[in-house]
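Enquirer: Below is one structure. I have some questions about it.
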Amino acid sequence: MSSGVIVVIIVVAIIVVASAAALAMAGRRRQLQRQFGPEYDVLVKQENSQMRAEAELTQRQRRVRKLNIQPLPEAARRRYLDEWQAIQEEFVDSPQSALTEAYSLVTSVMQERGYPTDDDEQVTADLSVDHARTVGNFRAAQAVTRDVAHGSVETEDMRQALIQYRELFTDLLGQPLDGEPVNGVGARHAKADETEGYERPDPAITDPDGAATTYQDTDV
């Protein structure tokens with residue numbers, strides 16, 4: 001075999017390997033974009049690099065796989081739904097307290113599911129793996145809650161923060177008592193949160209008796 005033929009074979013082999021690697025990388029990128037949705041774009045902007053962002057998202061996946069994340073028992077879901085309803089009712093007379101309690105309740109659900117909650121930044125990173133659709137809203141609600149603790153916040157801002165907590169709350173509940181997926185919040189929020197590959201849930205939470213309990217945005 002002549003040296004020229006050998007060179008051609010080597011070049012072709014390199015091209016084939018490079019093409020396969022590029023295809024694998026593109027497939028991995030699409031998978032990460034579908035799974036993390038808007039969180040993917042947030043991290044790319046933050047890192048100013050797709051490669052660094054994708055490395056971080058892959059690390060998040062590996063970390064969460066090692067956590068013992070469990071679905072909530074039926075009794076716990078019933079209890080949490082009742083507690084959330086009480087918080088929504090409290091908001092009318094005491095929005096600051098209701099917002100703080102909403103954060104505490106969401107944190108309690110995380111802990112019972114198996115998420116570590118000691119570090120706020122790590123919490124949002126962990127949540128982004130399986131709850132990418134709602135983790136951005138949770139981050140925004142946290143910011144409002146911190147502002148409430150350090151100064152004056154408009155009631156409308158607190159109301160929006162409570163809605164954002166509710167989105168993650170319903171997402172964390174997992175399967176409701178009748179076995180259907182837990183529904184999300186008001187339909188008028190759907191367009192703002194639509195991302196390719198995501199479908200917004202219907203505007204209701206199924207109560208323990210199987211009936212749909214709708215939480216209207218005007219209630220909070």
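The values are calculated or read from the model by the stated rules, or taken from the named source; none is laboratory data. Keep in mind that this is a model prediction, so the values were computed, not measured. Note that each Cβ is placed from the backbone with ideal geometry, even for glycine, and that neighbours are counted across all protein chains shown.
Enquirer: Tyr215 versus (1) more than 15 Å from the chain's Cα centre (by Cα); (2) surrounded by 14 or more Cβ atoms within 10 Å (Cβ to Cβ); (3) more than 27 Å from Arg62 (Cα to Cα); (4) modelled with pLDDT of 50 or more: which is the lone unmet condition?
Expert: Going through (1) more than 15 Å from the chain's Cα centre (by Cα); (2) surrounded by 14 or more Cβ atoms within 10 Å (Cβ to Cβ); (3) more than 27 Å from Arg62 (Cα to Cα); (4) modelled with pLDDT of 50 or more one by one, Tyr215 breaks only (4).
Enquirer: Now for a different question. Between a first residue in the stretch 69-82 that is in contact (Cβ under 8 Å) with a residue 12 or more places away in the chain and closer than 23 Å to Ser128 by Cβ and a second residue that is part of a loop (DSSP other than H, G, I, E, B) and of a type in the set (S, T, N, Q), which pairs have beta carbons less than 7 Å apart while being 6 or more apart in sequence or on different chains?
Expert: Between residues of the stretch 69-82 that are in contact (Cβ under 8 Å) with a residue 12 or more places away in the chain and closer than 23 Å to Ser128 by Cβ and residues that are part of a loop (DSSP other than H, G, I, E, B) and of a type in the set (S, T, N, Q), the close pairs are Pro71/Gln175.
Enquirer: Related question: If you go through the stretch 137-176 one residue at a time, how many are closer than 21 Å to Leu72 by Cβ and either surrounded by fewer than 20 Cβ atoms within 10 Å (Cβ to Cβ) or of a type in the set (D, E, K, R) (or both)?
Expert: 5
Enquirer: In the stretch 38-61, which residue that is among the hydrophobic types (A, V, I, L, M, F, W, C) and either in the same structural domain as His131 (by TED's automatic domain parsing) or over 21 Å from Thr134 (Cβ atoms) (or both) is modelled with the highest pLDDT?
Expert: Only one residue tops the list, namely Ala55.
Enquirer: While we're looking at this one, here's another question. Among residues belonging to the stretch 114-129 that are within 13 Å of Leu168 (Cα to Cα) and without any contact (Cβ under 8 Å) to a residue 60 or more places away in the chain, point out the one that is surrounded by the fewest Cβ atoms within 10 Å (Cβ to Cβ).
Expert: The qualifying residue surrounded by the fewest Cβ atoms within 10 Å (Cβ to Cβ) is Thr124.
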